[in-house]
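The values are calculated or read from the model by the stated rules, or taken from the named source; none is laboratory data. Predicted, not measured: the structure shown is a model, and the values here were computed from it. Cβ atoms come from the backbone with ideal geometry, glycine included; neighbour counts cover every protein chain shown.
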Amino acid sequence: MPYPRAVPLAWRNLAHDRVRFALFASGIGFAVVLMGVQLGIMNAMLDGNTVLLNRLNADLVLVNPSRPALLFQEGFSRRRLDQAAGVQGVASAHPVYLDYQFGELRDTAADPRERAQTRRLRVIGVDPAAGALDLPNVDPGAWAKLNTPGTALYDRESRPRPAPRSPGETVFGKLEPGTRTELSGREITLVGGFDLGFDFSTDGTLVLGDRTFSRYLREPYYPLSPMAQVDLGVIRVRPGADVEAVRRRLEDAIGRDGDVVVLTKAEMVDRERQFWWASTPIGFAFGAGVVLGFVVGMVICYQILSSDVADHVAEYATLKAIGYPNRYLSLVVMQESLVLAAAGFVPGMVVTYGAYVFLSDLSAMPLRLTPGRVGLILGLTVMMCAASGLLAVGKVKKVDPADVF
C-alpha cells in the first residue's frame, strides 16, 4: 500500500487552526530568544575581553606561559625580543606593555568636586612608530603626538556613565582631544582617540608612548629596571615567509627555557577566551542560561506534540488499523517537531536580533549576530524539537486501533 506523504499530514495536523499554530510557534520562539540572548551576552563578554588581542598587528605573539590572561602581571625578559629579531624570517619584534593595576584616571568633570574621583583602567605602552597596534578610527597624526612626553590616546568607547549623562560622557567624564587630567597622580594630556571598547575587567583604555608609560607606571614601582619585563611580544614575519616555519625557529631559539611561548594571534585569542569562559562565572552563568532555554523549549515542544497526538488519536488509530506501521506514525511526529522548529526559529531570531540591538544600545556591549552564531542557535533549536519529538513518539506508538471506536 502506498503511504500518504508524511510532511503534508504533519503540516495539516499542526496548522488546521492558525491561531493555535501561532501560539505553538511563539512557544518555540520564546525558547529561541532565551537561548539566543544568553549566547549573545556570553559572546559579547568573551569578545570584549579579546578585542585588544585582535588588534595586535602581529603574525606571532610571545607571552609568558604562566600568564593565564592579559590582566595578570607575569611578563618575560625583553632580551627575548632581541633574540627573536635575529631569527631567520622575522621582520620585526616589538614589545607591548600592559598595566591593569596601577593606572587610575582622574575624572574630567567640569565640577571640581567630581574631579576628585579616579577609576582604574587598562593602560598600554607601545613605541608610537612601531605599528604594534592596529587600533580602529585613530585620529590623524595621533600616533606621532605620542612622542611628546605626558600624552595619551583615549578610547572613545569606554564604559558610558550611567544615566543621566550627556552624549559621549564616560565613567571617566568627557574625553576629547586637548583634555588635561591626571593618570596615577601625574598630569596627562589626551591628544587623540580610537574605538576599542570596554570589557569584563576594565572600563576603558589609554595608549601611551613607551617612554611615558615607563615614567608613569613602571619607574615608581620598578626604579632599577622599569622596562625590563615585557607583557606581549608582537612578531611580524617577512613577506613570503612561512609563518609556521618561523614559529618553529623561534621556539628552538627562545622557547626552550620555558619562560616564553610562541603563539599565533588566533591561538592567543582562543587562549584568552578559554580563560574567561572556563575560569570565571561567564561560562557557567550564561551556559546555564542556554541549557535552561533548551530545556524550556523541549518541555514546550513536547507538550505541543503530546497534545497534538491526543487531539488526533482517532486518525492515528485509523492509520494503524489499516496497516500503517509505527515507523510511519513516528515519522509524522518527528516531522511535526521539525515544522515547529522552523516556525519558531524565524520569529525567534527576529526578536533576538531586536534584543541584541536594544542591549547593545543600552549597555554598549558588542552583541553581534554572526552567521556562525545563527547556525548554532538553529542547530540547538532543531535538536531541542527533535528530542521532544523522540519523546512524543512513545505516545503515538501506544495508540491502539481500537481507539477508532
Original post:
How many residues does the range 337-385 contain that are assigned to a helix (DSSP H, G or I) and under 22 Å from Arg159 (Cβ atoms)?
Top reply: 9
**OP:** Taking Arg115 as the residue in question, decide whether it is touching a Gly at 6+ places or on another chain (Cβ under 7 Å), of a type in the set (Lys, Arg) and modelled with pLDDT under 90.
**Re:** no
Original post:
With (1) more than 22 Å from Thr280 (Cβ to Cβ); (2) modelled with pLDDT under 90 as the list, and Leu60 as the residue in question, which single condition is left unmet?
Top reply: (2)
**OP:** Among the candidates Lys145, Lys174, single out the residue that is assigned by TED's automatic domain parsing to the domain that holds Gln117, surrounded by fewer than 19 Cβ atoms within 10 Å (Cβ to Cβ), out of contact with any strand residue (DSSP E or B) (no Cβ under 8 Å at 6 or more places or on another chain) and touching a residue at least 12 places away in the same chain (Cβ under 8 Å).
**Re:** Lys174
**OP:** Considering each residue of the range 83-115, count those that are of a type in the set (A, V, I, L, M, F, W, C) and under 30 Å from the mean Cα position of the chain (by Cα), and give that number.
**Re:** 5
Subject >> Single condition Asn137 does not satisfy, out of (1) buried (at least 20 other Cβ atoms within 10 Å of the Cβ); (2) within 31 Å of the chain's Cα centre (by Cα); (3) not acidic (Asp, Glu) >> reply: (1)
**OP:** Name every residue in the range 205-245 that is hydrophobic (A, V, I, L, M, F, W, C), within 30 Å of the chain's Cα centre (by Cα) and either surrounded by fewer than 20 Cβ atoms within 10 Å (Cβ to Cβ) or under 23 Å from Glu267 (Cα atoms) (or both), in order of residue number.
**Re:** Val230, Leu232, Val234, Ile235, Val237, Val243
Subject >> Enumeration of residues in the range 350-369 that are modelled with pLDDT of 90 or more and hydroxyl-bearing (Ser, Thr, Tyr) >> reply: Thr352, Tyr353, Tyr356
**OP:** Would you check which residues across the range 49-84 are assigned to a loop (DSSP other than H, G, I, E, B), touching a Leu at 6+ places or on another chain (Cβ under 8 Å) and not aliphatic (A, V, I, L, M) and list them?
**Re:** Arg55, Asn57
Original post:
Any residue at all in the range 128-149 that is under 29 Å from Ser363 (Cα atoms), in a loop (DSSP other than H, G, I, E, B), among the aliphatic types (A, V, I, L, M) and at pLDDT 90 or above?
Top reply: yes
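Taking the range 45-60 only, how many residues are touching a helix residue (DSSP H, G or I) at 6+ places or on another chain (Cβ under 8 Å) and not acidic (Asp, Glu)?
Residues flagged as touching a helix residue (DSSP H, G or I) at 6+ places or on another chain (Cβ under 8 Å) and not acidic (Asp, Glu) within the range 45-60 amount to 9.
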Original post:
Quick one: how many residues across the range 250-262 are outside any loop (DSSP other than H, G, I, E, B) and surrounded by fewer than 21 Cβ atoms within 10 Å (Cβ to Cβ)?
Top reply: 4
Original post:
Within the range 74-85, how many residues turn out to be touching a residue at least 12 places away in the same chain (Cβ under 8 Å) and within 18 Å of Glu251 (Cβ to Cβ)?
Top reply: 6
Original post:
Out of (1) part of a loop (DSSP other than H, G, I, E, B); (2) surrounded by 13 or more Cβ atoms within 10 Å (Cβ to Cβ); (3) not aliphatic (A, V, I, L, M), what's the single condition that is false for Gly125?
Top reply: (1)
Subject >> From Ser337, Ser306, residue being polar (S, T, N, Q), modelled with pLDDT under 90 and surrounded by 18 or more Cβ atoms within 10 Å (Cβ to Cβ) >> reply: Ser337
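Each row is one residue, and each column tells you yes or no for (1) outside the structural domain of Phe30 (by TED's automatic domain parsing); (2) of a type outside the set (Gly, Ala, Ser); (3) not in a helix (DSSP H, G or I).
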position: Arg248; (1), (2), (3): yes, yes, no
position: Arg273; (1), (2), (3): yes, yes, no
position: Val295; (1), (2), (3): no, yes, no
position: Val299; (1), (2), (3): no, yes, no
position: Leu305; (1), (2), (3): no, yes, no
position: Tyr316; (1), (2), (3): no, yes, no
position: Tyr324; (1), (2), (3): no, yes, yes
